[in-house]
Each structure stands twice: as C-alpha cells, then as structure tokens.
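Where a number appears in this text, it was derived from the coordinates with a stated rule and is not lab data. Remember, predicted model here, so these are calculated numbers, not experimental data. Ideal geometry is used to build each Cβ from the backbone, glycine not excepted, and the neighbour counts take in all protein chains shown.
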Amino acid sequence: MPSIEYSLFRAKMIRSPQQSFLHDDFTPRQIFEFALKERPSSKLNVGRTWHIGNIKEFGPDSGYFAFGRTTRATNTKFDDETGNFVNEDFQTSPYTHVVFNSKIGFLGIAHNHRLARSAIGISKKLQLVLGQTGVVRSNDVEVVISPISDPQSFLNTIANAYRVMRFTAHFTGPNPFDADEYFQRPLSVYAASANASKGKAQIDGENLRKEVVTEVARSTAASGNKASARVKRTKSQAPVTIGLKGEPIKRRFDEDSHDPKAVINELTSVYKEVRVDG
C-alpha cells in the first residue's frame, strides 16, 4: 500500500528589532496567515515558478495548502499529418501536501521526490516563497523554517549520564510562545535587542542539573534549534559530546486515503511529546 511521509517543521516569523512606526503590529501568527492568503508565486529558478494554492482552513488554528512548482518542458512527438517529428511545449506542475497549526507554529510537509530529495529541500523553497510575500517584506520579517528533531535519544543519554558537564543550545529571536523560561525565551529577547538573527550559549559545571538541561533541550528541539552536551556516561568513562540535531520527525500515512485533518491531529500530538514529556 503506497504511503505518504510527512516531516515536522517549525515555522518562525522573526521581526527585525529596528522597525519603524510604519510597520504593522502583527503577531508572527498573523503574518504567517496573511502570507498564505496572498497565495504567493515566486520564480526561484530559471524556468521554474513555485506556488502556494489549494488553501483550506479547518478551524481558527489549522489548515492545509498545496505547494509545488510549474516547469516548462518540451516533448518530441510524431505528427501523422505532416509525417514529421515535431517539438511540443507543455507544462508540468508537481506539488505536495502541507498542513499547519498556526497557533503552535508548526508545519507538516509531505515529501515528493519530484520537488526535492527530501522534505528539508522542499522546506527551503517554501521559506523563500513565504519570504517574498508582501506582508513579510513590508514588515521586515525573516522567515525561518527549520526541522523539529526527535530529542528522545539525547534526553535518554542526559537522564542516564553519570554527570552532565556542559550544555550548549542555539537560539533565534523571537522564539515560540511556549519557549522555556530559562533559556530560549530570554535569549530570544537578547538576540532581538542586539539586532541578531541567531546565536548560541553555553553553560559549564561539574554536575549540571539534569531537569533544567532536559527542559531547555525539549524547548530547543520544539523551537527547531540545535543543542549539544558534554557528558560522562559512567564515573570511569571519559567525557563525550552528544548532539541534538538532524532529520525532522516523520510520520507515514496511507497515500490514497490520508486525511489532512487527521495528519494535523497526529502531528500536534507528536509536537506535544517533544515539548512536554508525553
């Protein structure tokens, strides 16, 4: 039975701290929703134009849209009337499925190998298209779409380690509404105040508190950011560095009968497991 694979991404609309009074007082959620409603099309490559279309709203917080590209191509065929081989221009329009939860700020992007090698490749094109919408450009907003990685292996190593001696986390500003109070939230404010788009911070100690590291690691993963830790797995073992990064979380659905509403519900549950221990 053919299946369709969705990957989980964080969509962030990052405002410039040096905005004038002429800019609208829109929230990141509103900017995302307004950008979608523009149904943007952008020519990102020679002969290839990317489009957002087929937008559906399932409620105040969630919905679906199709994302794909049109390409002009030439096909050679034999013309029976003239007895000649002729070139015929035609247009191809492969697309894929995207679901979203605008309150939380995540996207589920289905992979289509005709668009890119991976869902990450598709997300980069979507980031560029959203970045060229009128509402984004007029408000000096940077669009960042980054994978939400599964933190469980990282968290298990932290929980079972003899000691955690160093923790490093990346951040962007501003971060999602549910960012942790220790790290992601205050540092996103710091980044915005310093006119920075991203950064990282590190803490060191003989034995860092695992519950704090775990909370920040969950928040970092849910924010689509990277983290690493220096740990001693056992008392006699030398310290090693472990990382929280990589591929987005994936879920498969039946291709012929999959329901975007059900996909959103499943990915919302997955997100909550990442952010708060499920």
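General observations
- Where labels lie 7 Å past Cα in the beta-carbon direction, separation of residue 255 and residue 137 in nm: 3.7
- Dimensions of the stretch 51-121 from C-alpha coordinates, computed as largest minus smallest value along each principal axis and given longest first, are 61, 24, 13 Å.
- Scanning residues 5 or more positions from residue 180 or on other chains, those with amide H under 5 Å from its amide H are 185, with H placed 1.01 Å from N in the peptide plane.
- Within straight-line reach of residue 210, meaning a Cα separation under 22 Å, sit the following lysines at least 8 residues removed in sequence or on another chain: 200, 226, 232, 235, 245, 272.
- Efficiency of FRET from Cβ geometry, residue 128 and residue 91, R₀ 25 Å, rounded to 0.05: 0.75
- Comparing the stretch 200-278 with the 2.2 N^0.38 Å rule of thumb, its C-alpha radius of gyration ratio is 1.46 (two decimals).
- Scattering profile of the stretch 1-158 at q = 0.08, 0.11, 0.14, 0.18 Å⁻¹ [log10 I(q)/I(0), Debye over alpha-carbon scatterers]: -0.32, -0.54, -0.77, -1.11
- Rounded FRET efficiency, nearest 0.05, which uses the C-beta distance separating residue 189 from residue 156 and R0 of 22 Å: 0.10
- Relative contact order, whole percent, for the stretch 152-244 stands at 41, derived from Cα pairs under 8 Å and 6 or more residues apart.
- In a simple Cβ point-charge model (Lys, Arg +1; Asp, Glu -1; nothing else charged), the stretch 152-244 has a dipole of about 420 debye relative to its Cα centre.
- A Förster distance of 25 Å, applied to the separation of the beta-carbon atoms of residue 237 and residue 201, puts the FRET efficiency at 0.40.
- In the stretch 152-244, the convex hull through the Cα atoms has an average projected area of 5.5 nm², a quarter of its surface area.
- A simple spin-label model places the labels of residue 27 and residue 55 1.8 nm from each other, with each point 7 Å out along Cα-to-Cβ.
- Under 15 Å of direct C-alpha separation, and excluding same-chain neighbours fewer than eight residues apart, residue 77 reaches these aspartates and glutamates: 88, 89.
- Loop-located GluC sites (Glu not before Pro) across the stretch 156-251 with a Cβ neighbour count of 14 or fewer within 10 Å are 181, 206, with loop assigned by DSSP.
- The stretch 31-76 and the stretch 221-260 have their alpha-carbon centroids 30 Å apart.
- The stretch 236-278: C-alpha gyration tensor shape, a/c 1.5 cut-off, then a/b vs b/c: prolate
- Read-out Cα extents along the principal axes in Å, derived from the coordinates shown; its label in [x] 84, 52, 34; [y] 54, 47, 33; [z] 78, 47, 41: [x]
- Where labels lie 7 Å past Cα in the beta-carbon direction, separation of residue 211 and residue 41 in nm: 5.6
- Relative contact order %, the chain, counting alpha carbon pairs below 8 Å whose residues are six or more apart: 24
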